[in-house]
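The values are calculated or read from the model by the stated rules, or taken from the named source; none is laboratory data. The structure presented is a predicted model; accordingly, all values stated were derived computationally and were not measured. Note that we place each Cβ from the backbone using ideal geometry, even for glycine, and neighbour counts take in every protein chain shown. These accessible areas exclude ligands, DNA and RNA; they are computed on the full protein's heavy atoms, side chains included. Shrake-Rupley method; radii C 1.70, N 1.55, O 1.52, S 1.80 Å.
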Amino acid sequence: MFSILSELFQQARVVAAPYRYANASGVVELARTFARPVVASAVGDLPAVVEDGVTGLVVPTGDVPATAAALVRLLDDAAEAERMGEAGRASSDERASWATVAERVEEVYLRRLDDARRPADGSRDRR
């Protein structure tokens, strides 16, 4: 299954995510790992993941002409599509690398550990 998906993403110049409703998208994240720019609707967290003009293009939700124009723009300009795709991969590598995820988990763990060590009345423990 993954080899088929890999093949499809490698053949694509751009990935369309014209969602009407979404909080996040595994397809968008996968496109970024393959260095493909994304044309995404402005719904949920997608505008935070797809940086308009940097890692892809964000269009108004349900706006078919804007979606088509964005797709044509990236299909007509291979250099721009490649630049945005590489920027998406770099951003994804930075945000979702094992080292970054481990740092975030460690930060949360240490905060919770610190919270658990505090006395229930909120005062500082003076050990």
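Below is a table of values for the structure above.
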read-out	value
0 to 90° range, to nearest 10: angle between helix 78-96 axis and the chain longest Cα axis	20 degrees
Against the rule of thumb 2.2 N^0.38 Å, how large the Cα Rg of the chain comes out	1.42
Which of D76, D45 is most accessible, then next, and so on - probe 1.4 Å	D76, D45
Calculated [θ] (222 nm, deg cm²/dmol) that DSSP helices of n ≥ 4 give over the chain, each run adding -39,500 (n - 2.57)	-18000 deg cm²/dmol
Folded to 0 to 90 degrees: helix 2-11 orientation relative to the chain principal axis, Cα	50 degrees
Distant-in-sequence amide H partners of S41 (H built 1.01 Å from N, under 5 Å)	A17, Y19, V59
Pairwise centroid distance, computed over Cα atoms, of the stretch 14-49 with the stretch 55-116, Å	8 Å
³J(HN,Hα), Karplus 6.51/-1.76/1.60, whole Hz, each residue of the stretch 18-29, x for Gly, Pro	x, 5, 9, 9, 5, 9, 8, 8, x, 4, 5, 4
Signed unit charges on C-beta, dipole axis of the stretch 17-116, positive-most listed residue P18, A48, A70	P18
